[in-house]
1. Take the residues of region 87-107 that are in contact with a strand residue (DSSP E or B) (Cβ under 8 Å, 6 or more places away or on another chain) and without any contact (Cβ under 8 Å) to a residue 24 or more places away in the chain: which is surrounded by the most Cβ atoms within 10 Å (Cβ to Cβ)?
2. Within region 97-156, can you find the residues that are among the aromatic types (Phe, Trp, Tyr) and closer than 24 Å to Thr52 by Cα?
3. Can you tell me which residue is nearest to Ile38 (Cα to Cα) among those in region 53-108 that are among the aromatic types (Phe, Trp, Tyr) and either in contact with a Phe, Trp or Tyr (Cβ under 6 Å, 6 or more places away or on another chain) or part of a strand (DSSP E or B) (or both)?
4. Could you grab me the full set of residues in region 122-139 that are out of contact with any strand residue (DSSP E or B) (no Cβ under 8 Å at 6 or more places or on another chain) and assigned to a loop (DSSP other than H, G, I, E, B)?
5. Report yes if some residue within region 299-307 is within 24 Å of Val99 (Cβ to Cβ), in contact with a helix residue (DSSP H, G or I) (Cβ under 8 Å, 6 or more places away or on another chain) and at pLDDT 95 or above; otherwise report no.
Amino acid sequence: MTKLSILPGVRGIPYKMKAALYYGPEEVRIENTDVPEIGPGEVLVRVGAALTCGTDFKTFRRGHPLLIKNIPSPFGHEMSGTIVKVGDEVSGFTPGMRVVAANSAPCGQCFFCRRSQHNLCENLEFLNGAFAEFIRIPEKIVNCNLYRVPQTLSFREAALSEPLACVIHCLDKLRITPGEVMCIIGSGPLSLLMIQVAKLHQAKVIVVGRSHDKLEAAEDMGADCVINVRLAKDPVAEIKAVCHHGYGADLVIEAVGSKATWNQALGVVRKGGRICLFGGCPQGTVFEADAYRIHYEQISVHGVFHYTPDYFVKALGMLAEGKIQVNPLITHECRLSELNQIFIPGVLHNPLKVVVIP
């Protein structure tokens, strides 16, 4: 970090910090910005590690209706670090604590929160700005979605809690039973997490993707079968052929976020099967489904969005217990100043996780 003046009376906290700011599609700049000031119920965290995410790459390319409200905007949302300052009304957290923050907090009072659907909260407050030296944790998140990092976990491992919470939410919706065949369409980092959680439920897992390297990683994570759609003459037929001798998969997760793969999910599920549409499509995308199949073949189709605080706690616990392999999901490490070597204009395919160190 560039040597900068230190705030009087606050040891080790500079006036300025390096931060990534999103200016619009395919434009992210690393700038010197003011270190955030915190309110009475807030916490200031020095970022220890931040992770890239598929959502970050989608945001980089086209913006995001929930995460990007104003331009320029802080960028990045998976992080953990060390508390350096707490507000006067904060209890339970002190400077020096290693913490991981979820990137959202529900209000707890709206129509959806009263029905325990906290991920659909009408007043869901999001946190963006993980790609920076310091980050302000808002009061709502401090109160319900900020957690101490167990000593057994590194910062990079703890930062994986947010995507893992999304995965646990998705698989909970599908209610896996041992021996079922799950087809995951997509081979990105969240798919690699899905494999690991599905295997804990004793499912057979088939992963469909387009990247040879990512499909190799899927095999390393425990996938029973991988199918490269670039090499398949008839992807749907090949997928169904390895699922119950042609009947199709019991469970299908679409983890890409495109109209074509949403349709593919419906093509490979068996009668009586369940589909979870996990990948988010651009706003305004229209999806057409075969009504005959949905009705007469009794197919259940679920949308799933985000996670709840309960799922975040479960995710952090699974990581602390060593149930999830983290390092195979990470390709490399980079400094914050090198972020634009990761988010490159015109690049369509996302890498696996990259650790960003301020």
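The values are calculated or read from the model by the stated rules, or taken from the named source; none is laboratory data. Note that the structure is predicted; figures quoted are calculated from it, not measured. A quick note on method: Cβ atoms are made from the backbone with ideal geometry, for glycine too, and the neighbour counts reach across all protein chains shown.
1. Ranking the candidates gives Pro95 first.
2. Filtering region 97-156 down to residues among the aromatic types (Phe, Trp, Tyr) leaves 111-112, 126, 131, 134, 147, 155.
Scanning region 97-156 gives Phe126, Phe131, Phe134, Tyr147, Phe155.
3. Looking only at region 53-108, we keep the residues that are among the aromatic types (Phe, Trp, Tyr), and these are 57, 60, 75, 93.
Keeping just the survivors that are either in contact with a Phe, Trp or Tyr (Cβ under 6 Å, 6 or more places away or on another chain) or part of a strand (DSSP E or B) (or both) gives 60, 75.
Working: Phe60: 27, Phe75: 19 Å.
The selected residue is Phe75.
4. Filtering region 122-139 for residues out of contact with any strand residue (DSSP E or B) (no Cβ under 8 Å at 6 or more places or on another chain) gives 122-123, 139.
Passing the criteria: Glu122, Asn123.
5. First pass over region 299-307, keeping only residues within 24 Å of Val99 (Cβ to Cβ): 306-307.
Next, only the ones that are in contact with a helix residue (DSSP H, G or I) (Cβ under 8 Å, 6 or more places away or on another chain) stay: 306-307.
Add one more test, that the residue is at pLDDT 95 or above, and what stays is 306-307.
Yes, the conditions are met somewhere in region 299-307.
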